[in-house]
Structures are given as structure tokens and as C-alpha cells.
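The values are calculated or read from the model by the stated rules, or taken from the named source; none is laboratory data. The structure presented is a predicted model; accordingly, all values stated were derived computationally and were not measured. A quick note on method: Cβ atoms are made from the backbone with ideal geometry, for glycine too, and the neighbour counts reach across all protein chains shown.
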Amino acid sequence: MKNFFRGFLIAALVLCSLSAPAFAAPLPYLNTPFDTPLAATNTLITNINGAFPANAYTVACTGTTTATCQGLRLNISTTGLTTAAGVTAATVTVTDTLVTAVSQIFCQPVGYAGTGNPIDVNVVPAAGSFTFNVQNTHASAALNATVVSTCFVYN
């Protein structure tokens with residue numbers, strides 16, 4: 001009889017331990033200073049997007065390898081590039097009086113419909129201007145269309 005109860009007790013413990021996760025309640029959401037609720041974050045993003053529409057402060061400028069712009073969000077259309085595959089040859093100079101020598105500038109191609117694969121590299125700020133190179137990372141095709149690059153200037 002003793003072994004029967006021991007076996008029954010062990011079986012009951014195993015059964016309870018296996019079924020406990022199935023009946024466990026979900027952990028409550030904690031809102032500590034380091035844990036921002038998702039709803040508040042989404043509300044903040046919505047408010048920022050409403051205050052600053054996507055193209056409200058974007059300045060468009062065009063040139064072959066030089067452009068003159070005035071702004072902190074720039075769409076720069078560079079025309080006439082025929083950069084060969086794997087080459088970093090096209091240097092684009094942008095004149096912008098809002099740029100300082102210590103500005104942080106990030107550029108990225110956002111519109112390209114030709115052959116090749118352009119990327120913007122080597123962004124160098126100076127007082128009143130900045131330069132960047134357009135590199136073609138394609139293995140065999142040269143660039144053959146207008147490269148539209150979006151640049152963000154942070155002062």
C-alpha cells in the first residue's frame with residue numbers, strides 16, 4: 001500500500017508540473033521609467049509625423065556633380081553619371097549654408113531606375129558645403145540614369 005501511494009503521489013506531482021504552464025496567467029505589463037508602453041510610443045510617432053509631414057522641409061536640387069541647396073533634408077538628383085561597375089568615381093559637391101564643418105550628414109540613394117547599383121559613400125562636411133561619392137556596387141553594369149539621393153543634415 002505504501003508503494004501505491006508513493007507512485008500515486010509521484011504521478012500527481014508530474015502531472016501537475018506538466019500542466020502548470022498551461023494554466024499560468026500571462027505576466028502583467030510593467031510600466032517602469034525604462035519601459036515605455038507601445039501605445040504611448042505610437043502616439044508620439046503619430047504626433048511627430050503630423051507636425052512634420054514627409055516633404056514639408058525637403059529641398060530638391062539638381063546638378064551633374066554640383067548642386068546648391070538650402071535646407072537640412074535634401075533630395076539631390078545627380079544626372080549624367082556613367083560610373084563603371086565597382087568604381088567610386090563620381091564626387092558630388094553640395095553647397096548649403098546650413099552645413100557646418102561638424103555637421104553629421106547621412107546620404108542614401110532613394111530613387112534609381114537604371115542599371116548598376118548606386119550607393120552614397122564618403123560624406124565629408126565643410127563650412128557651407130559637403131561632398132559625397134556615388135559608388136556603383138554592381139558586378140558588371142555601369143550606372144546610366146539619374147541618381148536621387150536623400151541627405152539629412154544634423155547640426
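Some points to look at:
- Single residue of region 91-112 satisfying the filter (within 21 Å of the chain's Cα centre (by Cα) and farther than 17 Å from Gly71 by Cβ) that is modelled with the lowest pLDDT: Gly111
- Number of the exception - Leu38 against (1) modelled with pLDDT under 65; (2) under 19 Å from Phe152 (Cα atoms): (2)
- Residue check for Asn122: farther than 20 Å from Ala60 by Cα and loosely packed, with under 13 Cβ neighbours inside 10 Å: yes
- Residues that are assigned to a strand (DSSP E or B) and of a type in the set (S, T, N, Q) within region 116-134 comprise Asn122, Ser129, Thr131, Asn133, listed in sequence order.
- If only residues of region 74-115 that are assigned to a strand (DSSP E or B) and small (Gly, Ala, Ser) are counted, the one that is surrounded by the most Cβ atoms within 10 Å (Cβ to Cβ) is Ala90.
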